[in-house]
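Some notes on the structure that comes next.
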Amino acid sequence: MNCSSCGAVLPANSTVCAYCKSHNPVDLKGVIGFSVKHEETERLCPCCQTHLQLLELSTQPISCVDQCPHCGGLFFPPGGIGFLLDQVVGMVYSANRELLDNLQKELYRQEKVTYRKCPVCLQLMNRQSFGHRSGVVLDRCAIHGDWLDSGEFLHLAEWKKAGGLLG
């Protein structure tokens, strides 16, 4: 995938351009159709404090998700991640253990644990692993929804395609 600002090839497993340092929100592009319903909402990104955009997704039924135009993170309503994964990937009947192991290793990163505030209620969200061995730790507000950093939804889609939800 190429940087939307300068056209350079993005490094593997990264959404930040090595040349111009631009953030590239890539999670939904080419995965599912969407349109910007509201260019700027009152909700602030829990990572960079930028106003979130409200996107309307081409799902059946139509659904919405908040996206940070700066860092590319996504805020899903409760159950929204699973719903969108079902829309994008569908049913999977077998697991590819080697690919699942590689996907987990690719996303593994050592970073300082940071608790983020929910964009709706501004309370600290809990950190929770998504699925068994997906490698994705999401930020969850039990009432309002789940936050994924840029690139993590694409990772979850590949993980599900490889049979990650089968156990």
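The values are calculated or read from the model by the stated rules, or taken from the named source; none is laboratory data. Not measured: the values here are computed from a predicted model. Positions of Cβ are generated from backbone atoms using ideal geometry, with glycine treated the same way; all protein chains shown enter the neighbour counts.
Quick one: in region 2-43, of everything that is within 22 Å of Cys64 (Cα to Cα), loosely packed, with under 15 Cβ neighbours inside 10 Å and at pLDDT below 85, which residue is farthest from the chain's Cα centre (by Cα)?
Top of the filtered list is Gly30.
When you scan region 66-77, do you find a residue that is buried (at least 18 other Cβ atoms within 10 Å of the Cβ) and charged (D, E, K, R), even just one?
Within region 66-77, one or more residues are buried (at least 18 other Cβ atoms within 10 Å of the Cβ) and charged (D, E, K, R).
Give me a count of the residues in region 48-89 that are part of a loop (DSSP other than H, G, I, E, B) and closer than 15 Å to Val120 by Cβ.
Counting residues in region 48-89 that are part of a loop (DSSP other than H, G, I, E, B) and closer than 15 Å to Val120 by Cβ gives 6.
Kindly check whether there is at least one residue in region 144-166 that is modelled with pLDDT of 95 or more and of a type in the set (Lys, Arg).
No, region 144-166 has no match at all.
Mind listing whichever residues of region 117-167 are touching a strand residue (DSSP E or B) at 6+ places or on another chain (Cβ under 8 Å), over 23 Å from Gln49 (Cβ atoms) and among the hydroxyl-bearing types (Ser, Thr, Tyr)?
Ser129
I'd like the full set of residues that are over 18 Å from Arg43 (Cα atoms) and not in a loop (DSSP other than H, G, I, E, B), limited to region 117-137. Break it down stepwise before answering.
So in region 117-137, the residues over 18 Å from Arg43 (Cα atoms) come out as 126-137.
Of everything in region 117-137, those that are over 18 Å from Arg43 (Cα atoms) and not in a loop (DSSP other than H, G, I, E, B) turn out to be Asn126, Arg127, Gln128, Ser129, Val137.
For region 139-148, name all the residues that are over 18 Å from Glu42 (Cα atoms) and surrounded by 22 or more Cβ atoms within 10 Å (Cβ to Cβ).
Asp139, Leu148
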